[in-house]
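Contents: one structure, followed by commentary.
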Amino acid sequence: MRFYVSSEVRALGIDAQAILVRNMRIANRNSALERLKKQLVDIVRSRNLQEDPILAGYREHYQRLGYSGYVSPAENLMRTIIVNGRLPTINTAVDIYNLVAVESSLSLGAHDTAKIVGDPRLCVTAGTERYLPLNGKELVTLPAGEYACADDEKVLCRLDVKQCEETKVTKATSEFLVYVQGNRFTTAANMQSALRRIGELARDIGGGEVCLLSENEQSQYTSP
């Protein structure tokens with residue numbers, strides 16, 4: 001499997017990087033991870049989200065496409081923390097990438113590779129793609145001209161806002177893709193740092209193995 005960004009999406013000022021995580025023991029929760037999540041609350045509440053340049057960069061993408069009310073998943077998580085006083089608990093894999101999204105302000109997505117057909121990539125939609133939103137019951141037709149993460153069969157995530165139902169990461173997942181999407185305020189270094197942090201947490205908390213994906217080939221997995 002390789003992961004790549006189409007030239008049309010790069011022209012929008014969007015870049016991305018990805019890793020694979022496999023053989024992670026995914027549980028409902030983990031005490032060490034819960035402590036990290038709790039520590040985030042005061043940090044997030046002290047932030048001014050409107051002055052965060054990375055969050056602003058994502059808003060710019062949405063506004064360019066005519067979706068002025070949209071915010072990135074990271075900003076949405078931060079708003080949830082401010083209101084509810086906690087980061088939601090889904091499972092340890094999902095909680096890890098949500099944690100890192102909030103820490104870094106970066107937009108992250110994760111997908112079960114057993115449900116991915118072909119090579120995942122960021123591309124511009126034609127308006128004919130198959131898309132079943134997370135927790136949805138019916139297919140949704142996307143407009144042409146948006147960007148999305150997709151495989152050979154379906155849209156995995158609309159923009160970077162709403163992933164599909166089929167590829168959600170669960171306790172039964174044995175391998176999953178994690179990608180980070182940048183904007184004009186991000187650098188390759190901070191995207192790599194976020195993926196490295198996810199890989200370290202996956203190893204420390206669940207014994208996962210990590211593989212860096214590129215446009216040409218995948219590297220070897222590294223053991224915990």
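Cβ-Cβ contacts under 6 Å between residues 6 or more apart (or on different chains), taken from a first residue in segment 122-135 that is farther than 21 Å from TYR4 by Cβ to a second residue that is part of a loop (DSSP other than H, G, I, E, B) and hydrophobic (A, V, I, L, M, F, W, C), are listed as GLY127/ALA144; LEU132/LEU139; PRO133/VAL140.
If you go through segment 171-216 and keep only what is farther than 20 Å from ARG10 by Cβ and part of a loop (DSSP other than H, G, I, E, B), you end up with LYS171, ALA172, THR173, SER174, GLY207, GLY208.
Here LYS137 qualifies as part of a loop (DSSP other than H, G, I, E, B), of a type outside the set (S, T, N, Q) and modelled with pLDDT under 95.
Are any of the residues in segment 4-16 of a type in the set (Phe, Trp, Tyr) and under 20 Å from LYS162 (Cβ atoms)? There is no residue in segment 4-16 that is of a type in the set (Phe, Trp, Tyr) and under 20 Å from LYS162 (Cβ atoms). In summary, helices (runs of 4 or more DSSP H) completely within segment 1-109 and bearing 2 or more residues that are at pLDDT 95 or above, within 28 Å of ALA172 (Cβ to Cβ) and touching a helix residue (DSSP H, G or I) at 6+ places or on another chain (Cβ under 8 Å) occur at 31-45, 73-84, 92-104. Does MET78 qualify as being surrounded by 18 or more Cβ atoms within 10 Å (Cβ to Cβ) and either touching a residue at least 24 places away in the same chain (Cβ under 8 Å) or under 19 Å from GLN181 (Cβ atoms) (or both)? So MET78 fits the description; yes.
If you filter segment 33-75 down to residues that are under 29 Å from GLY206 (Cα atoms) and of a type in the set (Asp, Glu), you find that the one that is surrounded by the fewest Cβ atoms within 10 Å (Cβ to Cβ) is ASP42.
The values are calculated or read from the model by the stated rules, or taken from the named source; none is laboratory data. Computed from a predicted structure; not experimentally measured. Cβ: placed from backbone, ideal geometry, glycine included. Neighbour counts: every protein chain shown.
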